[in-house]
1. To make sure I understand, if each residue's beta carbon is the centre and we count other beta carbons within 10 Å, what order do A:S38, B:S48, A:S267, A:S255 fall in, fewest to most?
2. Quick check: Cα centre of the stretch A:70-88 to Cα centre of the stretch B:133-203, how many Å?
3. If r is the Cβ-Cβ distance from B:R140 to B:N216 and R0 is 30 Å, what FRET efficiency results, to the nearest 0.05?
4. Starting from the Cα of A:K141, draw a straight line to each of the aspartates and glutamates and keep only those under 14 Å, dropping any in the same chain fewer than 8 residues away.
5. For the stretch A:104-148, rounded, prolate or oblate, judged on the Cα gyration tensor with a ≥ b ≥ c (square roots of eigenvalues), a/c < 1.5 rounded, else prolate if a/b > b/c?
6. Can you return the aspartates and glutamates within cross-link range of A:K79? Criterion is Cα-Cα under 15 Å, with same-chain partners fewer than 8 residues away left out.
7. So which of A:K166/A:K206; A:K116/A:K205; A:K76/A:K205; B:K276/B:K298; A:K86/A:K228 end up more than 32 Å apart, counting from Cα to Cα?
8. Taking the Cβ of each residue in B:Y32, A:Y185 as the centre, tally the other Cβ atoms inside 10 Å and list the residues starting with the fewest.
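Every number here is computed from the coordinates shown, using simple stated rules; none is lab data. Here the structure is a predicted model, which is why all the values come from computation and not from measurement. Here the Cβ positions follow ideal geometry from the backbone for every residue, glycine too, while neighbour counts run over all protein chains shown.
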2 protein chains.
Amino acid sequence: MNKLVIVGTVAFDAIETPFGKTDKILGGAATYIGLSASNFNVDAVAVSVVGGDLPQEYLTLLEDRGISISGIEIIKEGKTFFWSGKYHNDMNSRDTLVTELNVLEHFNPVVPENYKDAEIVMLGNLHPLVQQGVLDQMTRKPKLAILDTMNFWMDIALNDLLNVIKNVDVITINDEEARQLTGEYSLVVAAQKIHEIGPKYVVIKKGEHGALLFHNEQVFYAPALPLKEVFDPTGAGDTFAGGFAGYLSKTGDLSFENMKNAVIYGSTLASFCVEKFGTERMISLKNSEIHKRLQQFKALTQFEITLTETLN
Amino acid sequence: MNKLVIVGTVAFDAIETPFGKTDKILGGAATYIGLSASNFNVDAVAVSVVGGDLPQEYLTLLEDRGISISGIEIIKEGKTFFWSGKYHNDMNSRDTLVTELNVLEHFNPVVPENYKDAEIVMLGNLHPLVQQGVLDQMTRKPKLAILDTMNFWMDIALNDLLNVIKNVDVITINDEEARQLTGEYSLVVAAQKIHEIGPKYVVIKKGEHGALLFHNEQVFYAPALPLKEVFDPTGAGDTFAGGFAGYLSKTGDLSFENMKNAVIYGSTLASFCVEKFGTERMISLKNSEIHKRLQQFKALTQFEITLTETLN
C-alpha cells in the first residue's frame with residue numbers, strides 16, 4: 001500500500017439537469033476523489049479548505065471512509081467554495097451559473113507532516129500554482145504525481161499550468177482540453193505532444209465515449225459503460241481520477257499493465273457516480289456492486305479471436 | 001462457410017477532405033462491403049447496377065478478390081451513380097455536393113439463382129424497398145439478414161424502412177441515426193426500441209468512438225483504433241459492415257460471442273479504410289497487416305483484473 005495525498009476542492013454545488021435540480025449539496029474535486037479512492041481502503045489524506053458554513057457531517061463522511069481530513073483547513077468566518085451549473089439536454093455540455101471562490105481565493109494548501117513522504121499525489125483541478133505548491137511540500141519525490149486540470153486554467157494561467165504539468169507523471173484531461181492544450185485534433189498526436197511536455201502517462205477522458213491511456217507508443221482504451229440514463233455527470237471525472245489513484249495506491253504497482261486496471265476501476269466507479277445527483281450514489285456504493293459492474297466491463301470489452309484460418 | 005449476398009451501390013465518388021481531393025474514383029457501398037468481406041475468402045455475390053461508363057477494371061477488382069459480379073447489371077447506355085462530398089475539418093461531418101442517381105433511379109436488383117439460398121444477406125444502404133426486394137427473392141429465409149441504412153431514408157421513406165427493418169436480424173446504424181429513428185438520446189434505450197421493431201442484434205456505429213453491439217440485455221463495445229490521422233472516412237461504415245458480414249460468413253457461427261469477433265474484425269478493417277482516399281488502402285491490404293492490427297486491438301482493450309483483495 002502506498003500513501004496517497006488528495007488535493008482539491010470541497011465545495012457546495014447546486015446542480016440542474018433535465019432530471020431535476022438540487023439545493024446546495026456536497027461537491028468538490030477532493031470530495032469525489034476521496035469517496036472514490038476510499039473504496040480501496042487507502043491510507044489517504046485530503047488537502048483542502050472550507051468555510052465555517054460547511055456542515056461537519058460532510059467532513060465526517062470522508063473521515064468515516066478512512067480519508068484523513070487533517071489536511072482540510074476550516075476557516076470559521078469564511079464561506080465554502082460554491083459552484084452552480086446547469087446541464088444541457090445531451091448532458092455533454094453545461095453552463096456555469098455561479099462561481100463563488102470564497103475561501104478558495106487565498107487557499108494555501110498544507111500537506112500534513114505524516115503525508116509529506118506519500119508515494120502518490122493526486123492533484124485535483126485547482127489553480128496550477130496551488131498544485132505546484134503541494135508538490136513543493138513533499139519531502140521526497142512522489143513515485144507518481146497525477147494531475148487533473150481544465151480549460152479554465154489554460155485560458156488564464158497557461159504558463160503556470162505548463163510548469164506544473166512538467167513535474168507530474170500522469171495527466172488526466174478531457175478530449176477538448178487535450179486539443180486546446182496542444183492545438184492538435186488527433187488525440188494520438190495530442191497525447192504525443194503532452195508526453196513531450198513531461199507526463200509519461202496521458203489519460204484522455206471522453207465522457208460517454210470512455211477514456212484513453214497513452215504511454216509512449218502504447219495505448220489502452222476503457223469504454224464508459226453504456227447507461228440507460230445519465231442522471232448527473234457532476235463529479236464523474238473526479239470519481240474516475242479517484243478510482244485510478246486509489247487502485248494504484250492500494251496495489252502499489254505502477255506498471256503500464258496495472259495502470260490499465262486502474263483506468264478500468266476509474267471508469268467503473270464513474271459509471272456509478274452519474275446515476276444519482278451529486279455524491280449520493282457514491283455514498284451508498286457497496287463492494288458487491290463494484291464487483292458486479294467490473295464483470296459487466298469485462299463482458300463489454302473482452303473477446304476471444306483465434307486468428308487461424310479466418311482470413312483467406 | 002455460408003454464402004453471402006451483398007447488395008449496394010457501385011459508384012463514382014469525388015471526395016474532398018482537408019488532406020486533398022479526388023476526381024471521380026471507385027466508391028459505393030457494395031464496393032466497400034465486397035472488398036472488406038473478400039479478406040475472408042467468402043463465397044459471395046455483389047448485387048448492384050452500373051452504367052456503361054464504369055471502367056471494366058473496377059468490376060474485375062471485385063471478381064479478382066472472389067466476389068462474384070454476376071449480380072451486377074450493366075446498363076450500357078446509362079450512367080453510374082455519382083456522389084460527391086466534402087468533409088469538414090473534424091472529419092465527423094460532411095456536406096454532400098452532388099448526388100446523381102443515374103442508373104440507380106430504376107434499380108431492380110436481381111439475385112443470381114445460385115445465391116438465392118444464401119445463408120447471409122448484407123443489405124447495404126439503399127432505398128428500403130430495394131432492400132426488401134432482395135429479401136423477397138431469397139428462396140429460403142436467410143440465417144442472418146443484415147441491414148445498413150442512413151438518415152436520408154428516415155426522412156423520405158420511413159414506413160418502407162420500418163417494414164424492412166422488421167424483417168432483418170441485424171441493423172447497423174450510426175449513433176445520430178439511432179437517435180433519430182427512436183427519438184431516444186440514450187443509445188441503450190434506442191437499441192431496446194430497435195429490438196422491439198425487429199432486429200435481434202443492433203450495431204450502433206460511433207465513428208471515431210467505436211461501435212456498440214446490443215443483443216437484448218447484452219452489450220459489447222469495440223473501440224475504433226486511435227489513429228494519428230484520418231485521411232478519408234468515406235466507406236468506413238461499409239467496410240465495417242463488410243468485415244462483420246464476411247467474418248460471419250466465413251465462420252458460419254452466428255452466436256453472440258462470435259458476433260463480438262465480427263465487430264472487432266469490422267473495426268479493424270475500417271481502421272485501414274480511412275488511411276487513404278477511397279478504396280486505395282483496402283486494395284493494397286495484406287493479411288499480415290490485418291493480423292498485426294488485430295493484435296493492436298487486443299492490446300488496446302484487453303486487461304487482467306484479479307478482484308481479490310483490491311477493494312476494502
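1. Going from sparsest to densest Cβ surroundings: A:S255, A:S38, A:S267, B:S48.
2. Cα centroid of the stretch A:70-88 versus Cα centroid of the stretch B:133-203: 49 Å apart.
3. FRET efficiency, B:R140 to B:N216: 0.70.
4. Within the straight-line cut-off, A:K141 pairs with A:D117, A:E119, A:D169.
5. Because a/c hits 1.5 or more and a/b fails to exceed b/c, the stretch A:104-148 counts as oblate.
6. A:D13, A:D53, A:E100, A:E105
7. Working: A:K166/A:K206 23 Å; A:K116/A:K205 29 Å; A:K76/A:K205 36 Å; B:K276/B:K298 24 Å; A:K86/A:K228 20 Å.
Checking Cα-Cα distances, A:K76/A:K205 exceed 32 Å.
8. Fewest to most other Cβ atoms nearby, the residues stand as A:Y185, B:Y32.
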